[in-house]
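Asks: Sharing a structure below in structure tokens format, with a few things to ask.
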Amino acid sequence: MALARKLVLGLVAFGVISWLPGAARADENMFGYAYGSETLPKGKGEIYTWITNRSGKESGTYHAWDLSLEGEYGFSDRFQGSLYLNGRAHDIENVPGFDDRGGGIGFQGVQMAFKYRLTSPYDSPVGLALYFEPGYSHIDKVSGERIQEWEFETKFIAQKNFSGDRVITALNYTIEQEFERPSNDGPDFEGELLMELSGGASLRVAPRWFVGGEFRTHTEFPDMDLGNQEHQAWFLGPNLHYGDKKWWFTATWLPQISGWPNTGSSSLHLEEHEKNEFRLKAGINL
């Protein structure tokens, strides 16, 4: 009985705290895929993890998991740096064009990220930021094969808040250069140019709770040739965010709604992308 009483009191206390007035903090990830323009304050840090599940090809069984552990630090009120340690796992069986694959999580690679805030949406009409992320990977995202890949991602970030910061919107444009080769097959790297437009809107429906939606469209150009568009895919889905004083989480589901070239009889592109993506992020403010 004493244990039950403590559990009830704990749940009541959590409920009271959750309903205290609160707004989004500068260092929270309001969206699963889109980035906001805010940066960590000088001298502040954050540790968070994210897990992405990608599932569904034309036929067979396909599941892929992308895992990241990230540490962020604010070098100034406008500039922050991050370090990512990444893992990846695949469960593939009877998928046309793919080797069957299974097993545990492998170490996928590392990334660094640098973000500079130009303006803040809390004291300017629009918040703007620049983001640069170099990284290295040795597990292919789609097939799970061992590779060597260098990537250089540049992101242009805009954020606009409405209704006294009750509604938060973000829009990102991303350009990424990738240089890839099989791990044990020759010295030559093949280049590829990726472009992505992503964004979202989130509404505070209760203190600390936000609900909204996100979109993402992704396209690739082999050999960095803008005249040779390989494919394009569009994603759209809901998200949920909770932000406490010391911790937060964000969950986003992004099903593919359209893509080309189409795979089989569907209206989706399922060679380089999947039917569904689900991402969960959770962070602790230091």
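The numbers here are math on the coordinates, done by the rules we state, and not lab data. Keep in mind it's a predicted model, so treat the numbers as computed, not measured. When we count neighbours, we look across all protein chains shown, and the Cβ atoms used for this are built from the backbone with ideal geometry, even at glycine.
Asks: Kindly state, to the nearest 0.05, the FRET efficiency for Phe189 paired with Ile105, given R0 = 22 Å and r defined as their beta-carbon distance.
Replies: 0.25
Asks: Given [x] 1.14; [y] 0.95; [z] 1.00 as candidate values of Rg/Rh (Cα atoms, Kirkwood Rh), which corresponds to the one derived from the coordinates?
Replies: Computing Rg/Rh (Cα atoms, Kirkwood Rh) and matching it to [x] 1.14; [y] 0.95; [z] 1.00 gives [z].
Asks: Would you mind calculating the gained length between Tyr136 and Asp165 on full extension (0.36 nm times residue separation, minus the Cα-Cα distance), in nm to one decimal?
Replies: Full extension of this stretch gives 6.8 nm more.
Asks: Report, in deg cm²/dmol and to the nearest 500, the calculated mean residue ellipticity at 222 nm for the chain, where each DSSP H run with n ≥ 4 adds -39500 (n - 2.57) and the sum is divided by the residue count.
Replies: Helix-only estimate at 222 nm: -2000 deg cm²/dmol.
Asks: Which entries in Lys115/Lys160; Lys57/Lys245; Lys42/Lys141 show an alpha-carbon gap greater than 29 Å?
Replies: The answer is Lys57/Lys245; Lys42/Lys141.
Asks: Let me ask something else. Pairing the Cα long axis of helix 2-18 with the longest principal axis of the chain, what angle in degrees results, from 0 to 90 and rounded to the nearest 10?
Replies: So the helix axis and the longest Cα principal axis differ by about 80 degrees.
Asks: So for the pair Phe278, Gln177, with labels modelled 7 Å out along Cα→Cβ, what separation do we get in nm?
Replies: Distance between the two pseudo-spin positions: 3.8 nm.
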